Amino acid sequence: MSNLYMRQTTFLVGDRKITDPLTVKFSVPFGDNEKVDTIDIQVYNLKDDTINAIATNQAAILSAGYVDDNGVIFSGTLKKKETKWEGLDKITTFKCIDSSLDYTKTVIKRTYGRNTPASLILRELARDAGLAIGDIDLPVDFIYRSGKALNGKIKFLVSEIAKDCEAKLHINKGRIYVRDRVKGDNLGLDISKETGLIDEPEEIEEETKDEKGSTLKNDKKKIKGYKIKVLLNHRITTDVIIKLTSRKVSGVFRVAKGEHKGDTSGQEYYTECEVVPV
């Protein structure tokens with residue numbers, strides 16, 4: 001377990017690589033909803049030449065973990081940067097989104113003919129947005145019998161089509177996922193005290209839709225899950241299936257949402273998430 005305390009954090013933005021000994025602080029949320037996540041990455045005392053060389057709308061990738069086990073926890077686009085002074089420290093904050101700017105801003109006007117399947121439209125919209133496809137596995141591949149006219153921003157069009165297919169939509173690490181609400185990715189991940197679990201899991205209630213595609217308030221139900229905190233683990237992200245073992249809890253769960261938090265000069269370096277039974 002000694003390697004767990006040998007932290008390694010790397011921020012790639014454009015053609016610039018930012019790593020030790022610079023202090024980097026980050027907060028990376030993730031979740032199984034349609035919201036495009038915004039993250040903040042703060043870098044202390046970055047040279048002016050480096051700051052000026054970094055332009056918005058460039059690719060941004062944050063990797064974190066430990067010397068023998070690290071990986072990407074965020075991949076997206078730089079939306080904004082700002083620098084301010086706090087005492088003797090010059091702090092540059094990079095605000096990034098986990099999708100392309102095209103996904104949030106580009107307007108599509110296009111008409112599809114009769115009997116077009118939703119899966120075809122979704123794949124073409126992902127291409128238009130410059131997003132890789134993480135998974136398009138629709139509970140219902142809705143057929144537009146009378147054709148389909150598109151006129152709007154990509155993110156709203158994708159959301160509308162996902163609802164037609166009774167599917168869940170989320171963006172993660174620059175990839176688009178449209179699939180069954182309970183589907184997850186089984187990476188063979190075991191979470192226990194021996195693998196980094198901090199404290200006993202906290203029981204929570206997660207609200208979920210009782211019927212697929214329903215938006216009625218009374219069609220929602222609550223299921224019991226857990227909030228867990230572990231030493232930063234880059235493999236934990238939206239929809240990952242984990243085997244959780246503690247003194248009071250043992251079972252298989254799906255990650256619904258969470259956050260990676262880190263401070264390369266301080267004690268904060270962990271992953272916190274909420275999990276629901278599979």
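The values are calculated or read from the model by the stated rules, or taken from the named source; none is laboratory data. Note that the coordinates shown come from a computational prediction; the quantities given were computed from them, not determined experimentally. Cβ coordinates were reconstructed from backbone atoms using ideal geometry, including for glycine residues, and neighbour counts include every protein chain displayed.
Points worth noting:
- Residue check for R235: closer than 27 Å to S99 by Cβ, of a type outside the set (S, T, N, Q), at pLDDT below 95 and surrounded by 13 or more Cβ atoms within 10 Å (Cβ to Cβ): no
- Selection of region 219-243 for residues being within 13 Å of P277 (Cα to Cα) and in contact with a Gly (Cβ under 6 Å, 6 or more places away or on another chain) yields D239, I241.
- Spans of strands (runs of 3 or more DSSP E) in region 30-112 with at least 1 residues not assigned by TED's automatic domain parsing to the domain that holds I154: 38-44, 59-66, 69-86, 89-97
- Residue check for Y177: in a helix (DSSP H, G or I) and either acidic (D, E) or crowded, with 17+ Cβ neighbours inside 10 Å (or both): no
- Hits in region 99-117 (condition: farther than 28 Å from P29 by Cβ and surrounded by 13 or more Cβ atoms within 10 Å (Cβ to Cβ)): R110, Y112, T116, P117
- Breaking point among (1) farther than 26 Å from Y103 by Cα; (2) among the β-branched types (V, I, T); (3) out of contact with any Gly (no Cβ under 9 Å at 6 or more places or on another chain); (4) surrounded by 15 or more Cβ atoms within 10 Å (Cβ to Cβ), for T10: (1)
- Pairs with Cβ under 8 Å, 6+ apart, first in region 160-173 and modelled with pLDDT of 95 or more, second surrounded by fewer than 23 Cβ atoms within 10 Å (Cβ to Cβ) and aromatic (F, W, Y): I161/F142; D164/F142; C165/F142; K168/Y177; L169/Y177; H170/Y177; I171/Y177
- Sole residue being assigned by TED's automatic domain parsing to the domain that holds K229, closer than 28 Å to V276 by Cα and basic (K, R), chosen from K168, K155, K193: K193
- Some residue of region 45-66 being at pLDDT 95 or above, small (G, A, S) and farther than 25 Å from G130 by Cβ: yes
- Which numbered condition L122 fails, given (1) over 19 Å from H170 (Cβ atoms); (2) out of contact with any Lys or Arg (no Cβ under 9 Å at 6 or more places or on another chain); (3) buried (at least 17 other Cβ atoms within 10 Å of the Cβ); (4) not basic (K, R): (1)
- Residues of region 7-21 satisfying the condition of being within 17 Å of N52 (Cα to Cα) and either at pLDDT below 95 or not aromatic (F, W, Y) (or both): L12, V13, G14, D15, R16, K17, I18
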